[in-house]
Amino acid sequence: MGLPSSTYAREIGPPAPDSTDQKELWIQNISYDGKQTTVTIHFYVQDLLAGENKTVFVVANASITDQSPSDFGQVRVLDDLVTDGPDYNSTPVARAQGIITYADLNVAALAMNMNFVFTSGIFKGSTICILGRNQINLPERELAVAGGTGFFRNAAGYALTKLYSYDVEKEYGVLEYTLYVTLPGPSPRLPADTALHADV
């Protein structure tokens, strides 16, 4: 089920104390300009819609869903693996957990309420909340960063997402995300002695 891997970011700052890898290439930038912290992160969501290990489940349909060209009214809950590269066996960095609803009568568009729950590195234990309309047939979509916890307390910004690949037979999609996040002042969880305080 693996996909070609790629290198897409540069190493920044010191490794996290609990990291087994000396490079966290998915963290593209962390900088503090004296007024706000800016973070850019890039990763892949492994979207398994079928099979024994699937991570997306339908929990409800509306009375018209079966007849709708856009699956209107269908509600799904997900707990997807998030990795630093597109291959399923890339390093895990988070989980994508939330609810998505098909909410357009005419085109396939999702109303999304999703949390990225970070499981490794300096962001471990922190979350970012993503909200918005995701018209899935567009080549690139924009969603709002609507807050977060831990490192990302009071976060704002936006996320760009696109389909990296989709295996029709396995119903397995890989979604590429880049998040542009700003925080007022220094992050409350940013270690005082880390080089990430400086522009990188």
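Once the gyration tensor of the Cα atoms in the stretch 27-197 is diagonalised, the equivalent ellipsoid follows with semi-axes of 31, 17, 13 Å, ordered largest first. Let me know the number of lysine pairs in the stretch 10-163 closer than 26 Å at the Cα, not counting same-chain pairs under 8 apart. Taking the Cα cut-off of 26 Å, the pair count is 6. Placing dummy labels 7 Å off each Cα toward the beta-carbon, the span from S63 to V168 is 3.4 nm. In terms of other Cβ atoms within 10 Å, K35, K162, K124 run from fewest to most in the order K35, K162, K124. Maximal additional length on extending the N89-K54 stretch stands at 11.1 nm, based on 0.36 nm per residue less the C-alpha distance.
Just so you know, all these numbers are worked out from the coordinates, no wet-lab data involved. For clarity, every value in this text was computed on a predicted model and none was experimentally measured. Virtual Cβ from ideal backbone geometry, glycine too; neighbours counted across all protein chains shown.
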